[in-house]
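A.B. asks: Right, I'll just put the structure down here and ask away after.
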Amino acid sequence: MANITVNNMPLKVGHTLTVTGVPTAGADRFAFDIHSGSDIAFHMSVRFNETIVVYNSLKAGVWGTEVFQGGFPFKHKELFKNLCARPKNASARESHDRKAAQRRLSTTE
């Protein structure tokens with residue numbers, strides 16, 4: 001997968017961002033981040049070499065607690081579609097910290 005950066009596109013409360021891609025054959029990992037100024041409000045690291053997906057956030061230069069949930073639905077050379085939603089009544093950081101029942105990122109087929 002190529003590195004793609006989207007700048008100046010706020011994820012507003014109640015909106016959903018759809019991310020699709022095809023992981024390169026043999027890739028060890030890839031990551032997806034949503035930045036908020038110098039912070040990373042949402043970080044998703046897909047690690048093929050460990051068969052895990054790690055979620056986290058970076059605030060004021062300090063990483064939060066890594067969250068491992070949702071299994072490993074990714075495969076090399078296969079299309080994936082992820083939905084990243086900013087829920088109403090919660091910031092991206094609050095949703096991550098609470099490990100909300102409605103995950104901000106869910107993998108769909």
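The values are calculated or read from the model by the stated rules, or taken from the named source; none is laboratory data. The structure displayed is predicted, hence computed values, not measured ones. When we count neighbours, we look across all protein chains shown, and the Cβ atoms used for this are built from the backbone with ideal geometry, even at glycine.
A.B. asks: Going residue by residue through region 5-22, is there one that turns out to be in a loop (DSSP other than H, G, I, E, B), at pLDDT 85 or above and more than 18 Å from SER57 (Cα to Cα)?
C.D. replies: Scanning region 5-22 turns up at least one residue that is in a loop (DSSP other than H, G, I, E, B), at pLDDT 85 or above and more than 18 Å from SER57 (Cα to Cα).
A.B. asks: Determine the pairs where a residue that is farther than 24 Å from ARG47 by Cβ and exposed (fewer than 10 other Cβ atoms within 10 Å of the Cβ), located within region 1-18, has a partner that is modelled with pLDDT of 75 or more and not aromatic (Phe, Trp, Tyr) with Cβ atoms under 9 Å apart, the partner being 6 or more residues away or on another chain.
C.D. replies: That search, which allows pairs on different chains as well, returns ASN7/HIS35; MET9/LEU17; PRO10/SER36.
A.B. asks: What tally of residues in region 29-54 results from selecting those that are surrounded by fewer than 11 Cβ atoms within 10 Å (Cβ to Cβ) and either within 15 Å of GLU66 (Cα to Cα) or modelled with pLDDT of 90 or more (or both)? Please lay out each step first, then the result.
C.D. replies: First pass over region 29-54, keeping only residues surrounded by fewer than 11 Cβ atoms within 10 Å (Cβ to Cβ): 37-38, 49, 51.
Adding the requirement that they be either within 15 Å of GLU66 (Cα to Cα) or modelled with pLDDT of 90 or more (or both) leaves 49, 51.
The number of residues fulfilling the criteria is 2.
A.B. asks: Could you check how many residues of region 47-61 are assigned to a strand (DSSP E or B), farther than 15 Å from ASN82 by Cα, touching a Lys or Arg at 6+ places or on another chain (Cβ under 9 Å) and not hydroxyl-bearing (Ser, Thr, Tyr)?
C.D. replies: Residues in region 47-61 being assigned to a strand (DSSP E or B), farther than 15 Å from ASN82 by Cα, touching a Lys or Arg at 6+ places or on another chain (Cβ under 9 Å) and not hydroxyl-bearing (Ser, Thr, Tyr): 2 in total.
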